[in-house]
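The values are calculated or read from the model by the stated rules, or taken from the named source; none is laboratory data. What you see is a predicted model, and the numbers here were worked out from it, not measured in a lab. Note that we place each Cβ from the backbone using ideal geometry, even for glycine, and neighbour counts take in every protein chain shown. Only protein heavy atoms, including side chains, enter the accessible area calculation; ligands, DNA and RNA are left aside. Shrake-Rupley method; radii C 1.70, N 1.55, O 1.52, S 1.80 Å.
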Amino acid sequence: MAAVLPGIVLVGRPNVGKSTLFNRLIRSNRAITHDRPGVTRDRMEGTVRRKGLPDFMVVDTGGITLDAHAAVTEGPEGIRGFEADILRQAEAAMKDACGVAFVVDARDGLLPLDEFLAAHVRRMGLPTLCVVNKVDGIEREDEQLAEFHALGFPVLAVSAEHGHNIRALVEELAALLPDAPDEDERAAGEADAPLRLAMLGRPNAGKSSLINALSGEERMIVSDVAGTTRDSVDVRFTKDGRDYVFVDTAGVRRRTRITDIVEKYSVNAAIKSTTKADVTLLTLDATEQVSQQDKRLMDLLDNRKIPFMVLINKCDLVPAGALRQLEKNVRQMLAFCGHVPILPVSALTGKGLEKILPLARTIHEECGVRVPTGQLNRAMEDVLARHQPPVVKRVRAKFFYLTQAETQPPTFVFFVSDAERVPESYARYLERSLRKIFGISHAPMRIRLRSSHKKDKK
Ligand code: GDP
């Protein structure tokens, strides 16, 4: 059973604290640890289990039989005697692994043997995190971490002995694991699955007309007469060799005999249909003011991170100036989600329609973006360098590293010293910057800030 779990290998020269770290990860005292360098150990394996994270194996490549410490500090000349031994073990373990925790010692600093081992680890091509152990206080942390960046792996400071940052370590290691197989299969199956679209908007905004114009088929009857709609559920069609389906179109045309149609426009029902779709199209009527319901709906879509675009339909009926004003109003309502596209269209004349489906595809693709860890941390450094976090209550939050926790939508987690000291405006700056760097212009995105010290400090 254990064999099927993906494994992370701890690699590092003797005495950097791999066994203590191993014990912390598997939460046991099973492995033998010893203050004296070079204590003999067999290769150890254990399962890492944490709430909310996938289980995985951790493998400790101990087993160094030489009293290595003196040689290590002597530099490249001195490492030849046992480098082969370390390497043989590490490489055997890495063959079966899906990621590497490359462990170094903050107190010793970066030693030649670290660099030597790191070069081999790099050659394996596995996702790797550099775990800087024995960082016991945060005061000198930046300074202590600095030189390890040279290894080219994302770095994380921990103290195995004091249990500092261990939760962050587990999360970061879990992020190195390949996606769960069912997710992979789904992604593969989705490659040629139709793009699912939901059409929302008040009655008479022109939703049916748009669906007809886009699908190029008279699947739905467009009429001003109440009750003429067939209860078709999905409208499937192919455009430029791609498959699409408008889901839940029965809801689109649930016409009402009640005069107060606004009341009938249920926001909750609308939200429900968006969950069945990849991308939602919210249709507004250019000849009308934006209603409170539309406003509420936009807020809800934004809040729930539902990928959507806004169509301003019937733009053939309003003069250019009025249309621009309306666009501006809608843009203002979407102030905190500037990524949402607003398209003036006309189901009647066909204006702007050709942009809708390609834009929907783009939004969907952006929702699935997954950024490799190395790129994430380089991006974080750039972003911080360009604009450092503000001082809040006399302290400036420190940013340690960045991971992508999820896709659909892309969710990025910044691990920081104190999330409460990162103001909303700075979080928005982070979002804008990541969007630019990773080319996520129209999909929703989540930015989370997690205090990693507080959490692990006992
Ligand atoms: P739904 O209730 O949102 O599905 O709206 P419909 O598609 O039934 O359209 C309501 C009315 O608006 C119909 O009379 C359509 O012919 C008309 N309509 C829809 N789109 C446009 C448009 O782009 N321009 C104009 N001038 N009329 C439109």
So M298 fits all but one of (1) touching a helix residue (DSSP H, G or I) at 6+ places or on another chain (Cβ under 9 Å); (2) part of a helix (DSSP H, G or I); (3) open to solvent by 70 Å² or more (accessible area, probe 1.4 Å); (4) not hydroxyl-bearing (S, T, Y); what number is the exception?
(3)
Failed condition for C367, given (1) among the hydrophobic types (A, V, I, L, M, F, W, C); (2) over 30 Å from T238 (Cβ atoms); (3) within 16 Å of the chain's Cα centre (by Cα)
(2)
Can you tell me which residues in region 106-134 are touching a Lys or Arg at 6+ places or on another chain (Cβ under 9 Å) and surrounded by fewer than 23 Cβ atoms within 10 Å (Cβ to Cβ)?
R107, D108, L111, F116, M124, K134
On the basis of being in contact with a Ser or Thr (Cβ under 9 Å, 6 or more places away or on another chain), farther than 21 Å from V416 by Cα and not in a strand (DSSP E or B), does A90 make the cut?
yes
Would you point out which residue out of F22, F82 is assigned to a helix (DSSP H, G or I) and either in contact with a helix residue (DSSP H, G or I) (Cβ under 6 Å, 6 or more places away or on another chain) or at pLDDT 85 or above (or both)?
F22
For the subset of region 309-336 comprising residues that are of a type in the set (K, R) and surrounded by fewer than 17 Cβ atoms within 10 Å (Cβ to Cβ), which member is nearest to the ligand (Cβ to nearest atom)?
R324
Does region 387-402 contain at least one residue that is within 19 Å of R450 (Cβ to Cβ), within 9 Å of the chain's Cα centre (by Cα) and not in a strand (DSSP E or B)?
no
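Do you know which residues across region 192-206 are near the ligand (Cβ under 9 Å from one of its atoms) and either assigned to a strand (DSSP E or B) or open to solvent by less than 30 Å² (accessible area, probe 1.4 Å) (or both)?
Step one: list which residues in region 192-206 are near the ligand (Cβ under 9 Å from one of its atoms), which gives 199, 201-206.
Within region 192-206, M199, G201, A205, G206 qualify.
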Kindly list the number of the only condition in (1) surrounded by fewer than 18 Cβ atoms within 10 Å (Cβ to Cβ); (2) within 13 Å of L200 (Cβ to Cβ); (3) away from the ligand (no atom under 14 Å from the Cβ); (4) not small (G, A, S) that fails for Q293.
(3)
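From the list L434, L357, exactly one residue is under 30 Å from K207 (Cβ atoms) and modelled with pLDDT of 90 or more. Which is it?
Numbers: L434 fails: under 30 Å from K207 (Cβ atoms).
One residue alone meets the criteria, L357.
Only one residue in I437, I356, I447 is open to solvent by less than 10 Å² (accessible area, probe 1.4 Å) and under 30 Å from L343 (Cβ atoms). Which one? First the steps, then the outcome.
Values: I437 fails: open to solvent by less than 10 Å² (accessible area, probe 1.4 Å); I447 fails: open to solvent by less than 10 Å² (accessible area, probe 1.4 Å).
It is I356.
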Tally the residues that are without any contact (Cβ under 8 Å) to a residue 24 or more places away in the chain and either outside the structural domain of S417 (by TED's automatic domain parsing) or surrounded by 15 or more Cβ atoms within 10 Å (Cβ to Cβ) (or both), restricting the search to region 382-403.
2
Within region 140-168, restricting attention to residues that are crowded, with 23+ Cβ neighbours inside 10 Å and more than 24 Å from R123 (Cβ to Cβ), which residue is nearest to the chain's Cα centre (by Cα)?
A168
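Could you say whether any residue in region 371-379 is more than 14 Å from the chain's Cα centre (by Cα) and more than 21 Å from L151 (Cα to Cα)? Steps first, answer last, please.
Going residue by residue through region 371-379, those that are more than 14 Å from the chain's Cα centre (by Cα) are 378.
Subsequent filtering for residues that are more than 21 Å from L151 (Cα to Cα) retains none.
Scanning region 371-379, I find no residue that is more than 14 Å from the chain's Cα centre (by Cα) and more than 21 Å from L151 (Cα to Cα), so the answer is no.
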